[in-house]
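Structure, as structure tokens:
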Amino acid sequence: MGTPSDALEVLAENYEFIESIGPCLGFRRAASVLKSLPAPLRNINDIEGLPCLGPETKAVIQDIFECGSSSKVEEVLTDERYRTLKIFTSVFGVGPKTAEKWYRRGLRSLEQIVSDSSIHLNKMQIAGFQYYEDISKPVSKAEAEAVGHIIKEIAGCFSPDVTMTLTGGFRRGKEFGHDVDFLLTVPRPGKEDGLLPAVIDQLRIQGLLLYSDFQESTFDLSRLPNRRFEAMDHFQKCFLIVKLKKEQVVGQQAEQRCGRDWKAVRVDLVAPPAERYAFALLGWSGSTQFERDLRRYSRLERNMLLDNHALFDKTTCFFCNKVIHQRRIPMARCDSTASAMLTANQD
DNA sequence: TGCTGGCAAACA
DNA sequence: TGTTTG
DNA sequence: ACAGCA
């Protein structure tokens, strides 16, 4: 707390709550720039030459160096509306609109929400409240790997040659996350369609499925160059909450005399065709800000369009994965650029 | 000065 | 249709 | 309301 980047995040979040998306993005990007620095700022002069830090963000950072805090940020932190919306949006399935609606009704705590019979929660929010305690706790790397073993076991029954990669924050080296992301595929084209339904069914049979939201694939390679490149991919995917037994987690004692012997964990599974695996992996490795910047870099500096499915060269009007089979060079270059940026991405 | 800044799909 | 998720 | 760009 109290660091310049945290302070800017608070302001960004507050602008998000009042649906002012421009300033929200401005503060978020500024915070992200500070987080990406190799060393923390020592004084106000260190921001010289950094991008996305204008007069407004500079004033905030300056206040923190001079007074130890920014009055503007402190004001937001004590604001009842901000504090309440922050609590409400911490529930899975509750965004700024819903939080705002509850706030306007005079509600101020989660207890008031659940005991209010006039409020109708949707499927996602019901799960969000039901497993709130577990889901709000960070997920450890050991827990992520334990989930991985369960999924891999099931997916391996569907197809022994399944490929599975832990993505998201853990792939970037983080020790904790708020959920666990996996990318899965099978070599035979088209067979990946049955993969996630099979995994979900088996989780349900084993009594480990607490919530699931399955999204059918809408991926269509033939229509890629026409439409504007998209931020969210069209691969088959599912957002789950699964039951993770404590005894399955390495380094955690099974002896829990009292209380539950399991924990609810948010899990996302994505199943692209094997041929699209590399792009999906890059896209799902995050962070959100890094993906934004990578796309912006492709577009503005390289005249290319990047998304989770492909990399398109606007100059030659070819996809880079096509080119690798025909000419071999550009993909390697794109790939090394992407890897270099990925390596540099320290969240 | 005025525009852009991540978008598709499930659910209610 | 609006809201939320990643 | 923020910041960068045409």
Distance in nm between pseudo-label sites at A:D46 and A:C67 (7 Å out along the Cβ direction from Cα): 2.1 nm
On the full set of protein chains, 1.4 Å probe, figure out the accessible area of A:V94 and give it in Å² to the nearest 10. 10 Å²
Give the range of the longest stretch in chain A that excludes all trypsin sites (Lys or Arg not before Pro) found in loop regions by DSSP and having at most 13 other beta-carbon atoms within 10 Å. A:106-226
Given the options A:Q236, A:Q206, A:Q248, state which has the largest fluctuation in a GNM of chain A using a 10 Å cut-off (strictly under) for Cα springs. A:Q206
In nm, give the distance between the simple-model label positions of A:C157 and A:F214, each being 7 Å from the Cα along the Cα-to-Cβ direction. 1.6 nm
Taking a probe of 1.4 Å, how large is the accessible area per residue of region A:3-136, in Å²? 56 Å²
Evaluate Rg over Rh across region A:139-288, taking Cα atoms for both radii and Kirkwood's formula for Rh. 0.99
Which of the lysines could a cross-linker span from A:K97 if the Cα-Cα distance has to be under 23 Å and same-chain partners fewer than 8 positions apart are dropped? A:K86, A:K123
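Rounded to the nearest 500 deg cm²/dmol, what is the calculated helix-only ellipticity per residue at 222 nm for chain A, with -39500 (n - 2.57) per DSSP H run of length n ≥ 4? If you can, show how the numbers build up before the last one.
Working: 16 runs with 162 residues, N = 347.
Theoretical 222 nm ellipticity from helices: -14000 deg cm²/dmol.
Can you give the alpha-carbon Rg of region A:29-142 over 2.2 N^0.38 Å, where N counts its residues? All intermediate terms of the calculation are to be shown ahead of the outcome.
On the way: Rg = 18.9 Å, N = 114, 2.2 N^0.38 = 13.3 Å.
Against the empirical 2.2 N^0.38 Å value, I get 1.42 for region A:29-142.
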Using Stokes-Einstein with the Kirkwood hydrodynamic radius over Cα pairs, what translational diffusion coefficient do you get for region A:109-207 at 25 °C and a viscosity of 0.890 mPa s, in µm²/s rounded to a whole number? 155 µm²/s
If you split all Cα-Cα distances of region A:110-155 into 10 Å bins from zero, what percentages do you get per bin, shortest first? 22, 33, 26, 16, 2
So what's region A:1-78 giving for Cα Rg divided by 2.2 N^0.38 Å, two decimals? 1.01
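Counting only heavy atoms of protein chains, what accessible area per residue, in Å², does region A:262-319 have with a probe of 1.4 Å? The partial results should precede the final answer.
Numbers: 2190 Å² over 58 residues.
Accessible area per residue: 38 Å².
Between rounded, prolate and oblate, where does chain A land on the alpha carbon gyration tensor, with a ≥ b ≥ c its root eigenvalues, rounded for a/c under 1.5, else prolate if a/b exceeds b/c? All intermediate terms of the calculation are to be shown ahead of the outcome.
Working: a/c = 1.75, a/b = 1.08, b/c = 1.62.
Taking the square roots of the gyration eigenvalues as a ≥ b ≥ c, chain A is oblate.
On a 28 Å Cα-Cα criterion, which of the cross-link pairs A:K152/A:K191; A:K72/A:K263; A:K101/A:K237; A:K58/A:K101; A:K141/A:K243 come out too long?
A:K72/A:K263; A:K101/A:K237; A:K58/A:K101
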Taking the Cα-to-Cβ direction at A:S117 and at A:L37 and moving 7 Å from each Cα, how far apart do the two end points lie in nm? 5.6 nm
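Roughly how many percent of the accessible protein surface of chain A is carbon and sulfur, given a 1.4 Å probe and a whole-percent answer?
On the way: 9750 of 18660 Å².
C and S fraction of accessible area: 52 percent.
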Per 0.36 nm of contour for each residue apart, how much would the distance between A:R81 and A:A142 grow if the chain were fully extended, relative to their Cα-Cα spacing? 18.3 nm
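The values are calculated or read from the model by the stated rules, or taken from the named source; none is laboratory data. Remember, predicted model here, so these are calculated numbers, not experimental data. All Cβ positions, glycine included, derive from the backbone under ideal geometry; neighbour counts span all protein chains shown. These accessible areas exclude ligands, DNA and RNA; they are computed on the full protein's heavy atoms, side chains included. Shrake-Rupley method; radii C 1.70, N 1.55, O 1.52, S 1.80 Å.
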